[in-house]
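The values are calculated or read from the model by the stated rules, or taken from the named source; none is laboratory data. Please read all numbers here as calculations on a predicted model, not as lab measurements. Virtual Cβ from ideal backbone geometry, glycine too; neighbours counted across all protein chains shown. Remember, those area values only see protein heavy atoms, side chains included, never the ligands or the DNA or RNA. Shrake-Rupley method; radii C 1.70, N 1.55, O 1.52, S 1.80 Å.
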Amino acid sequence: MTAITYEHIKTCKQTGARLGKVHTPHGSFDTPAFMPVGTLATVKTMSPEELKEMGANMILSNTYHLWLRPGHDIVKEAGGLHKFMNWDGAILTDSGGFQVFSLSDLRKIEEEGVHFRNHLSGEKLFLSPEKAMQIQNALGADIMMAFDECPPYPAEFDYMKKSVERTSRWAERCLEAHERKGDQGLFGIVQGGEYEELRRLSANDLTSLDFPGYAVGGLSVGEPKDVMNRVLEFTTPLLPSDKPRYLMGVGSPDSLIDGAIRGIDMFDCVLPTRIARNGTCMTSEGRLVVRNAKYARDFSPLDPNCDCHVCKNYTRAYIRHLVKANETFGFRLTTYHNLYFLLKLMEQVREAIMQDRLGDFRDEFFEKYGFNKPNAKNF
């Protein structure tokens, strides 16, 4: 019996987006879903209780960072990641592959794995498919990710082909090294850049290995939005319809809606928490930078149409004051609001699928948010 199963509930007649439910050893969650990112076993400035309060059922943590500190052995000794961080909902851990390729300039990729330097200390480290599985088995997340190579954008076809073939071989090694198949599901990651031929190759390789779920990797790495949407249009149909589909590293409101329309079930991104610490907020009427001087005497909520705890109780003027004064509470308030906004957006997406009107919802949202304006500011 697999640890992770997908239950299909409905397909939107207007767009083909799907409504479903993912079942994990630590509870189920409705899809399409956004997962807040808790890189170091914490969603920055938020408590697990606050995450539950705003409707989060699943969070993501990071294998690479937890390996470096506090160490996967300590997390295992604590009883696993759920007990260590006091979170009884579902957890997904990524493999560390993206961080190895994005944080360390001094790296050497070979068939066995990747040699690189600790971005904190400069110490020489080595990460392989087997090591990534060992760390994730110790962390004990519900969903683990296979160790892959995440090439930069753009990359030449020949390099990308070799990379895809290596990722497929690494995926086989991950399956062989995975020791907790009964209570941890392992997802494969489809790579291939913007090349349809290579995405097909990667998807064929990985689906033949029968993972309980699949991620589309190598997007949201600098490519234009239209390229990402085009890649999803020819990649998602290659993935099994009876298993979860996860788009890694995507969290802007437009891309969440566009991804759902193209058949994606799960999303994650540090975007809402990262921009919150700069005083940037997502609202129903677009991007709001609360640290700007024009909000110094604005005693209205961040978003008049939002019913989150922050918008019910605090004003733009107060939050601006806190953010300008570098007060942690200000970052907590903007973070809470942004996460709530995206979780509520996904509720609205699911409701629109149920009503067969996700295309109409997209048009209405884009118009109100300002995505249709020339030179519209995105995040």
*Ser208 to Arg166: FRET efficiency via 1/(1 + (r/R0)^6), r the Cβ-Cβ distance, R0 22 Å, to the nearest 0.05?*
0.85
_Computed over the chain: relative contact order in percent, which uses C-alpha pairs under 8 Å that are six or more apart_ = 18 percent
*Difference of contour (0.36 nm per residue) and Cα-Cα distance, Glu364 to Ile9*: 125.3 nm
_Neighbourhood net charge (14 Å Cβ-Cβ; Lys/Arg +1, Asp/Glu -1) for Ser168_ = -1
*the range 129-182 and the range 239-310: distance between their alpha carbon centers, rounded to Å*: 29 Å
*asked:* For the full complex of protein chains and a 1.4 angstrom probe, list Ser300, Ser241 by accessible area with the highest value first.
replied: Ser241, Ser300
*Excluding ligands, DNA and RNA, what is the solvent-accessible area per residue of the chain at a probe of 1.4 Å, expressed in Å²?*
42 Å²
_Gyration tensor (alpha-carbon) shape descriptor, the range 13-123, a/c threshold 1.5_ = oblate
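About the Cα centre of the chain, how large is the charge dipole given +1 on each Lys and Arg Cβ and -1 on each Asp and Glu Cβ? Please answer in debye to the nearest 20.
Value, rounded to 20: 1260 debye.
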*Report the calculated FRET efficiency for Arg297 and Val227 (r = Cβ-Cβ distance, R0 = 51 Å), to the nearest 0.05.*
0.75
